[in-house]
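To start, the structure under review is shown below, and the notes come after it.
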Amino acid sequence: MTCRSSRALQQRLESLASAGVTDLPRSRAPALPTAVVEPLAEGRPSESGREAALEIIRAEVAACRRCEALACARTNTVFGAGSAAARLCFLGEAPGADEDVSGVPFVGRAGQLLTKIIEACTLSRDEVYILNVLKCRPPGNRQPSPEEVAKCREYFERQLQVVAPEFICCLGTTAAQALLHTTEPIGRLRGRWFQHGAAHVICTYHPSYLLRNPAAKRDVWDDMKLLMARMGVRL
Ligand code: URA
């Protein structure tokens, strides 16, 4: 092995470890074949049709003033990112400071950890779709209020309707409780399967929680292994 490739391998292992990966298969499965990503069934909208539908919602969100205090404080609304035809959506809570500035979800420290988790699952940010319950940053990164969730619900529900993912992964309490209309705590929701329309839903801890509680990365990796197994993605 050359010096450069062993350094690359070491970096990859460090990235997996910081994403919470605790075990790897003995021999690496061949790179994920595109065949495991099932082709869109006939009659479903094309990716460009979905992108156009999302752009309409994006424009509505950009002009939204349903929560006047959030609208006054925001730099940008943060709509969503990734593939409009994704099989898997990650639903987070609300933009933080970095997302408010960039207009892109999950780009701060928690976002970088989410990216590592996605890559540990052998996927990329471009092939999943990432969105939040709230489209505006709550001041001081406080938790969204029930009123704010209620006012923003229409947007994330419509995004999910357009993307029509087979799988949704809720990141943290706010996302899980909002999507599933429940008040159960995340500790009891994680590791189980739910349904949202036609989509299979799994919940796990939010990456921000993992930054404060690295020991919980093991639980998230267990949840990701459940999710990838059901998606037919070999790790
Ligand atoms: N936390 C979230 O829930 N969403 C983001 O986009 C960033 C941090």
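Looking only at segment 56-108, which residues are in contact (Cβ under 8 Å) with a residue 24 or more places away in the chain, near the ligand (Cβ under 10 Å from one of its atoms) and outside any strand (DSSP E or B)? Once the filter is applied, which keeps residues that are in contact (Cβ under 8 Å) with a residue 24 or more places away in the chain, near the ligand (Cβ under 10 Å from one of its atoms) and outside any strand (DSSP E or B), segment 56-108 yields VAL78, GLU93, ALA94, PRO95, GLY96, ALA97, GLU99, ASP100, SER102, VAL104, PRO105, PHE106. Tell me, yes or no, whether segment 202-219 has at least one residue that is within 16 Å of the ligand (Cβ to nearest atom), surrounded by fewer than 13 Cβ atoms within 10 Å (Cβ to Cβ), within 24 Å of VAL107 (Cα to Cα) and more than 16 Å from the chain's Cα centre (by Cα). Looking through segment 202-219, at least one residue is within 16 Å of the ligand (Cβ to nearest atom), surrounded by fewer than 13 Cβ atoms within 10 Å (Cβ to Cβ), within 24 Å of VAL107 (Cα to Cα) and more than 16 Å from the chain's Cα centre (by Cα).
May I ask you to verify whether LEU160 is surrounded by 15 or more Cβ atoms within 10 Å (Cβ to Cβ), in contact (Cβ under 8 Å) with a residue 40 or more places away in the chain and not basic (Lys, Arg)? Judged against the criteria, LEU160 is a match. Scanning segment 105-116 for residues that are surrounded by 24 or more Cβ atoms within 10 Å (Cβ to Cβ) and more than 23 Å from SER145 (Cα to Cα) turns up at least one hit. Residues in segment 29-72 that are at pLDDT below 65 and surrounded by 10 or more Cβ atoms within 10 Å (Cβ to Cβ) were compared, and the one that is farthest from VAL149 (Cα to Cα) is ALA29.
Yes or no: GLY92 crowded, with 23+ Cβ neighbours inside 10 Å and either on the phi < 0 side of the Ramachandran plot or of a type in the set (Val, Ile, Thr) (or both)? For GLY92, the condition - crowded, with 23+ Cβ neighbours inside 10 Å and either on the phi < 0 side of the Ramachandran plot or of a type in the set (Val, Ile, Thr) (or both) - is met.
The sole residue among THR174, THR183, THR115 that is out of contact with any Ser or Thr (no Cβ under 9 Å at 6 or more places or on another chain) and within 16 Å of the ligand (Cβ to nearest atom) is THR174.
Determine if segment 194-211 includes at least one residue that is more than 18 Å from LEU131 (Cβ to Cβ) and in contact (Cβ under 8 Å) with a residue 60 or more places away in the chain. Within segment 194-211, one or more residues are more than 18 Å from LEU131 (Cβ to Cβ) and in contact (Cβ under 8 Å) with a residue 60 or more places away in the chain.
If I ask for residues that are closer than 21 Å to GLN195 by Cβ and of a type in the set (A, V, I, L, M, F, W, C), which ones from segment 131-161 would you list? Result: LEU131, VAL133, VAL149, PHE156, LEU160.
The values are calculated or read from the model by the stated rules, or taken from the named source; none is laboratory data. Because the structure is predicted, anything quoted here is derived from the model rather than measured. So basically every Cβ, Gly included, is an ideal-geometry build from the backbone, and we count neighbours across all protein chains shown.
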